[in-house]
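The values are calculated or read from the model by the stated rules, or taken from the named source; none is laboratory data. Quantities reported herein were computed from a predicted structural model and do not represent experimental measurements. As a convention, Cβ positions derive from the backbone with ideal geometry for all residues, glycine included, and neighbour counts pool all protein chains shown.
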Amino acid sequence: MALLNILHFPDPRLRTVAKTVDEFDESLRQLVSDMFETMYEAPGIGLAATQVDRHIRLLTMDVSETHNQPRCLVNPEILQADGDEEMDEGCLSVPGFYEKVRRADHIRVRACDQDGTLSEFEAEGIEAVCIQHEMDHLDGKLFVDYLSNLKRNRIRSKLLKMEKQKAG
Ligand code: NI
């Protein structure tokens, strides 16, 4: 197991569109296990492979209050989306910032698990929001893209300043 480095906005690598996973092998299982470790350590409720600079359609999540319900989605697809709700979102790639984002509050999803077993399920509330947020990462999209240019630019300059201070 290893902790992975999480890319921070506005790193251009976060804009990469991830490729479909077609091999469910040992290296995938290793990545899933490292992503869970990285996500719990952060701590966060979701992590997309894009955020650790691995550009395949894979995400890990655990929205339980007890942090003991790990879930891994490979090649996830949203089959149906209904309703809408607004929730405060944060992101491990945008540390320290939380903003309201409007998303569907009920979704039907099809995804594989890490062994390649396909299933369909429904999600609502925070679970639905988390899946939509992480799936955006796989398409190179971040929650700050839903904000005004003014807000996004302000977050960008604050994060760049923080990175600079860390480097210096
Ligand atoms: Ni995120």
Would it be correct to say that V21 is touching a residue at least 40 places away in the same chain (Cβ under 8 Å) and either acidic (D, E) or not in a helix (DSSP H, G or I) (or both)? yes
Identify all residues within the stretch 89-117 that are within 16 Å of the ligand (Cβ to nearest atom), aliphatic (A, V, I, L, M) and either out of contact with any Ser or Thr (no Cβ under 9 Å at 6 or more places or on another chain) or not in a loop (DSSP other than H, G, I, E, B) (or both); write none if there are none. V94, V101
Provide a single number: the residues in the stretch 26-52 that are within 16 Å of the ligand (Cβ to nearest atom), in a helix (DSSP H, G or I) and among the hydrophobic types (A, V, I, L, M, F, W, C). 5
Output for the stretch 1-15, where each listed residue is touching a His at 6+ places or on another chain (Cβ under 9 Å) and surrounded by 18 or more Cβ atoms within 10 Å (Cβ to Cβ): L14
Would a scan of the stretch 78-88 turn up a residue that is within 16 Å of the ligand (Cβ to nearest atom) and at pLDDT 95 or above? yes
